[in-house]
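Notes follow once the structure below has been shown.
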Amino acid sequence: SDVKKGNAAREAALADLQAAAACLRQGETVAFPTETVYGLGADARSTEAVEAVFAAKGRPSDNPLIVHIAHRDQLHELVTEVNATAEALMAAFWPGPLTLVLPVRPGAVSPRVTAGLDTVAVRMPDHPVALPLIAAAACPVAAPSANRSGRPSPTLAAHVREDLDGRIGGIVDGGPTGVGVESTVVQAGDDGTVTILRPGGITAEQLSAVAARVATDPALLAEGSGGDSNSPAPRSPGMKYTHYAPAGALCVVEGPPAAVAAWTRAALAEAAQRGERTAVLAFAEHAEQYRADAVFSLGNASELQEAARRLYAALRSCDEQGATYIVAEACSREGLGAAVMNRLLKAAGNQLIQVG
Ligand code: TXA
Ligand code: MG
């Protein structure tokens, strides 16, 4: 019967999780879904396991990993101190796409996880596969996004296979992830200031409802202006790398909608003339008017959850289509738009064109 089939499916999924948890406990790497993107997990206490994560991804070793937990009582094993602001943030947003950078308890995780910093980034994901998996593994799980370093983060198990097949212990397929961009990484100061080191699934507006003051790492603001010289070093080491980049040349165009559309149409036409293979990432309002070899809609400009959800798959598709010249429309930098624009500009190597 259907009920029996349903039960069998649940049992199979559970067996999978138990097997995946056993892999983690044995020091293997396992890719698993979270509410943001797929992560590549390993026992954070094991240097060997964590080194296997860096090796599989081809990740620079000076870029520290986020440690994932399933229960609040795992936190005190990892960190020495949680101030009142950090407490308030966890109460408001855990489980969820918020990562807190906290003072690491010496010896709690492999030094490879923290890349030698005296802090550790911790988050509790809000996902029906990730949480029971981490709980069953019974260890803190270090997990960067499960992509090859420099590739867009994976929002489907198929993306993980594309990048890491044969290089990792296993994949737990939980279907598409929800948010589509990574967690927001913050540091909570003793004065109540929350500093955003990486914009993500929890917005600055949401943080403002809980924190006395919300600031953004100055290094991020310098990037967002399209400039790149003389920028301060980002406090989140990962933000200094070119990430998420498709193989083709990508630029982001920002301005009044009519000017953006006119510039983009002209740029695509010129590129086609030069013999480029063109692609465009556009909001639904404009997508139909563009002529390109591949047109990807990011949904309505007023519903940026959809843009966040579709962005990485669209960037991967640009590669699949062999696009050599790609234009992406900018979006508002409010709400989730801050994260979407941050990732777009990283993918574009900061090529921002202001029009109008
Ligand atoms: O949503 C997410 O956060 C996903 C899923 C899998 O949980 N994970 C993820 O991990 O995006 P990863 O490794 O791709 O990005 C981790 C970011 C990097 O920018 C890294 O530099 C920063 O967190 N980070 C890690 N530890 C840090 C620390 N101690 N201080 C400052 N930044 C840190
Ligand atoms: Mg990543």
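The values are calculated or read from the model by the stated rules, or taken from the named source; none is laboratory data. Everything quoted here is computed from the prediction, not taken from an experiment. Backbone-built Cβ (ideal geometry, glycine too); neighbour counts: all protein chains shown. Surface accessibility is based on the protein's heavy atoms, side chains included, excluding ligands, DNA and RNA. Shrake-Rupley method; radii C 1.70, N 1.55, O 1.52, S 1.80 Å.
Within the stretch 29-56, if we keep just the residues that are of a type in the set (G, A, S) and open to solvent by 10 Å² or more (accessible area, probe 1.4 Å), the residue that is farthest from ligand 1 (Cβ to nearest atom) turns out to be S46. Of the helices (runs of 4 or more DSSP H) lying entirely inside the stretch 75-169, those carrying at least 1 residues that are over 20 Å from A339 (Cα atoms), more than 11 Å from ligand 1 (Cβ to nearest atom) and open to solvent by 60 Å² or more (accessible area, probe 1.4 Å) are 75-78, 84-93, 111-114, 157-164.
Looking only at the stretch 57-83, count how many residues are of a type in the set (G, A, S) and touching an Asp or Glu at 6+ places or on another chain (Cβ under 8 Å). Steps first, answer last, please.
Keep residues of the stretch 57-83 that are of a type in the set (G, A, S), which gives 58, 61, 70.
Narrowing the set further to residues that are touching an Asp or Glu at 6+ places or on another chain (Cβ under 8 Å) leaves none.
Total satisfying the criteria: 0.
Within the stretch 57-69, the residues that satisfy the criterion of being open to solvent by less than 10 Å² (accessible area, probe 1.4 Å) and hydrophobic (A, V, I, L, M, F, W, C) are L65, V67, I69.
Only residues that are under 12 Å from L336 (Cα atoms), within 16 Å of ligand 1 (Cβ to nearest atom) and open to solvent by 50 Å² or more (accessible area, probe 1.4 Å) were counted across the stretch 181-227, and they come to 1. Listed here are the strands (runs of 3 or more DSSP E) enclosed by the stretch 10-73 that have at least 3 residues being within 16 Å of ligand 2 (Cβ to nearest atom) and in contact (Cβ under 8 Å) with a residue 12 or more places away in the chain: 39-43, 66-68.
Once the stretch 247-274 is narrowed to residues that are touching a Ser or Thr at 6+ places or on another chain (Cβ under 9 Å) and assigned to a loop (DSSP other than H, G, I, E, B), the residue that is nearest to P152 (Cα to Cα) is A247. Scanning the stretch 278-334 for residues that are of a type in the set (V, I, T) and in a loop (DSSP other than H, G, I, E, B) turns up just one, T324. With respect to R235, is the statement that it is at pLDDT below 90, within 15 Å of ligand 1 (Cβ to nearest atom) and either surrounded by 15 or more Cβ atoms within 10 Å (Cβ to Cβ) or at positive phi (or both) true? It is true that R235 is at pLDDT below 90, within 15 Å of ligand 1 (Cβ to nearest atom) and either surrounded by 15 or more Cβ atoms within 10 Å (Cβ to Cβ) or at positive phi (or both).
Picking from A259, A308, A292, A279, which residue would you name as being touching a residue at least 60 places away in the same chain (Cβ under 8 Å) and touching a helix residue (DSSP H, G or I) at 6+ places or on another chain (Cβ under 6 Å)? Before you say what the answer is, go through the steps one by one.
Numbers: A259 fails: touching a helix residue (DSSP H, G or I) at 6+ places or on another chain (Cβ under 6 Å); A292 fails: touching a residue at least 60 places away in the same chain (Cβ under 8 Å); A279 fails: touching a residue at least 60 places away in the same chain (Cβ under 8 Å).
Exactly one residue qualifies, and that residue is A308.
Within the stretch 179-212, the residues that satisfy the criterion of being under 18 Å from R309 (Cα atoms) and within 16 Å of ligand 2 (Cβ to nearest atom) are V179, G180, V181, E182, S183, T184, R198, P199, G200, G201. Go over the candidates D126, D118 one by one and state the one that is more than 16 Å from ligand 2 (Cβ to nearest atom) and under 16 Å from G178 (Cβ atoms). Going through D126, D118 in turn, the sole match is D126. Among the numbered conditions (1) closer than 26 Å to P60 by Cβ; (2) at pLDDT 95 or above, the only one that R151 does not meet is (2).
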